[in-house]
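Student: What follows is a single structure, and I will ask about it in a moment.
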Amino acid sequence: MATRQPVLDTIVAPATPIGRSALAIVRIDGPLSVAILSRLASVSVEPRAATLGRLHHHGQLLDQCIITRYAAPHSFTGNDLVELTLHGSPALVEGVIRASVELGARLAEPGEFTERAVLNGKLDLVQAESIADVINARTALQANLSLANLEGSLSRKATAIRESLLHVISRLEAALDFSEEGYEFIQRADARTIVERAIQDAESLLDTYRRGRATREGLSAVILGRPNAGKSTLLNRLVGTDRAIVTPIPGTTRDIVRETIEIGGLPVTLADTAGLRESSDMVESIGVERARRAAEASDVVLYLIDAAAGIADEDRRELERWPEAWIVYSKIDLAPARPGSIGISVVGERGIDDLLARLDALVRERFVAPEGSLVNERQRQAVAECADALRAAVASIAAGHDEQIILVDLYRAATALGLLTGAITRDEIFDEIFSKFCIGK
């Protein structure tokens, strides 16, 4: 359970985006929700039964809608909750919300319904974050990872580590409580084995972060090359529209042009950049510098070389900056690519499918995350803090330090995992002690 207690006021807010639509949902949550419904609705509504009814306020019809009532604790938030499915007019939504506020509700803060679900033990913090990730998912693969974490995939991994720590902590605490009697409830070697296994599990979780972040946020791919290497033409072909201006004049592209497509199940933002060359034109030089900075921050770099012009010294110097860049020979309808290299011709529709297939494989092999991955910096920091504390605990065990010293780091590790899920560790430790030990004292 979280330390922060849920507030006892009643909130109201639309649960669907503002704007015209076929339907719109308004949620009312809290102790006055049923009373507000009884003042608005013309029908009696049983819990968990969708009911057609009319809403009135001050003698005026607000809407005819479907009413669903959830009695605490059997609701998303754990409180009494009412959902009104209205016709999708913003004016009707505004009218119902205004009436609810006049009858005792207040406008909800962003994320407050989910926060109440966390405070009432319906969700943990990882699951709450996953709700936002599901909503923001742009591809099915992103949605699948977020849904897995919403179902508790990541939380179960963190809980398993924490429970192993509680096992050790509770026994070390018990030994302290009965130090005068000389009881020992866990051997140092056994404690070290458990903690070392927890370190391995925490480090395995940390290893998922790079992929998890990439899957949640998507990737960036920058197209580099000298002027007229075909960068803008390739971008337009990949996105399926004339997004970038294409001319035979070198230096046409000055600023970065970005567009997002799906590759390997993830959203990949492609960036067309200024041609790389030394220029006396200040604006073009700024564009070149921006191109290089974009490449430094990208996940994938495609370096285009005009097959007809061949690789030049300028290309070699640039490629020294990007040792992991993919070299792609363009315009292979005019000259062949080097043997074994990637070659494309947008005009001749050659090599594009092969390039996309290679990119698809790269994304899936290097960036797609497994279920139960860490997906944001808060989660990474919590698990990293846990791993650091556990390594310190192992060092204390190896050095033969007293239980109090070992417990400091074990508590720190357990607290870090508690921050990950929103749990309170110390109360759980007390429960562990008194529920599993028959001390008789």
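Student: On the accessible surface of region 360-420, probed at 1.4 Å, how many percent belong to carbon and sulfur atoms?
Tutor: Its accessible area is 54 percent carbon and sulfur atoms.
Student: Need one number: the % of Cα-Cα pairs in region 331-370 sitting beyond the 11 Å mark. Let's see the in-between values first.
Tutor: Values: 512 of 780 pairs.
Within region 331-370, distances greater than 11 Å cover 66 percent of Cα pairs.
Student: Relative contact order for region 1-95 using alpha-carbon pairs under 8 Å, separation at least 6, rounded to a whole percent? Display every interim value, and only then the final one.
Tutor: Details: 189 pairs, mean separation 28.3, N = 95.
Result for region 1-95 is 30 percent.
Student: Which of the peptides 44-51, 379-386 is most tightly packed, and how do the rest follow, going by the mean number of other Cβ atoms within 10 Å of each residue?
Tutor: So the order, starting with the most tightly packed, is 379-386, 44-51.
Student: In terms of the ratio Rg/(2.2 N^0.38 Å) built on C-alpha atoms, what value belongs to region 64-133? Could the numbers behind the result be given before it?
Tutor: On the way: Rg = 13.7 Å, N = 70, 2.2 N^0.38 = 11.1 Å.
Cα Rg divided by the expected 2.2 N^0.38 Å: 1.24.
Student: If you don't mind, another one. With the other protein chains left in place, how much accessible area per residue, in square angstrom, belongs to the chain at a 1.4 angstrom probe? All intermediate terms of the calculation are to be shown ahead of the outcome.
Tutor: Values: 21880 Å² over 441 residues.
For the chain, the solvent-accessible area averages 50 Å² per residue.
Student: Which of SER279, SER298, SER204 ends up with the largest GNM mean-square fluctuation for the chain, with Cα atoms connected below 10 Å?
Tutor: The residue that fluctuates most here is SER279.
Student: Output the direction-averaged projected area (hull surface divided by four) of the convex hull of the alpha-carbon atoms of the chain, in nm². Mind showing how you got there, number by number?
Tutor: Numbers: hull surface 123.2 nm².
Averaging across all directions leaves 30.8 nm² for the Cα convex hull.
Student: By how many degrees, between 0 and 90 and to the nearest 10, does the Cα long axis of helix 352-366 differ from the longest principal axis of the chain?
Tutor: That helix lies at roughly 30 degrees to the long axis.
Student: How large is the helix-only mean residue ellipticity at 222 nm for the chain, computed as the sum of -39500 (n - 2.57) over DSSP H runs with n ≥ 4, divided by its residue count, in deg cm²/dmol to the nearest 500? Walk me through the numbers on the way to the answer.
Tutor: Details: 15 runs with 207 residues, N = 441.
So the helix-based figure for the chain works out to -15000 deg cm²/dmol.
Student: Another one. Compute a Gaussian network model of the chain, connecting alpha carbons closer than 10 Å, and tell me which residue from GLY340, GLY104, GLY121 fluctuates the most.
Tutor: GLY340
Student: Related question: What is the percent carbon and sulfur in the accessible area of region 245-358, measuring with a 1.4 Å probe over the protein chains and ignoring ligands?
Tutor: Details: 3060 of 6010 Å².
Reported share for carbon and sulfur atoms: 51 percent.
Student: From zero outward in steps of 5 Å, how is the percent of C-alpha pairs of region 1-160 spread across the bins?
Tutor: P(r) for region 1-160, in whole percents per bin: 2, 9, 17, 19, 19, 15, 11, 6, 3, 1, 0, 0.
Student: With +1 assigned to the C-beta of every Lys and Arg and -1 to the C-beta of every Asp and Glu, and no other charges, what is the dipole magnitude of the chain about the Cα centre in debye, to the nearest 20?
Tutor: Working: 49 positive and 62 negative charges, 200 e Å.
Rounded to the nearest 20 debye, it is 960 debye.
Student: Of the heavy-atom accessible surface of region 60-164 (probe 1.4 angstrom), what whole percent is carbon and sulfur? Before the final figure, lay out each step's value.
Tutor: Values: 2530 of 4560 Å².
Here it works out to 55 percent.
The values are calculated or read from the model by the stated rules, or taken from the named source; none is laboratory data. Being a predicted model, the structure only gives us computed values, none of them experimental. All Cβ positions, even for glycine, are placed from backbone atoms using ideal geometry, and neighbour counts span all protein chains on display. Calculation scope for accessible area: heavy atoms of the full protein, side chains included, ligands and nucleic acids excluded. Shrake-Rupley method; radii C 1.70, N 1.55, O 1.52, S 1.80 Å.
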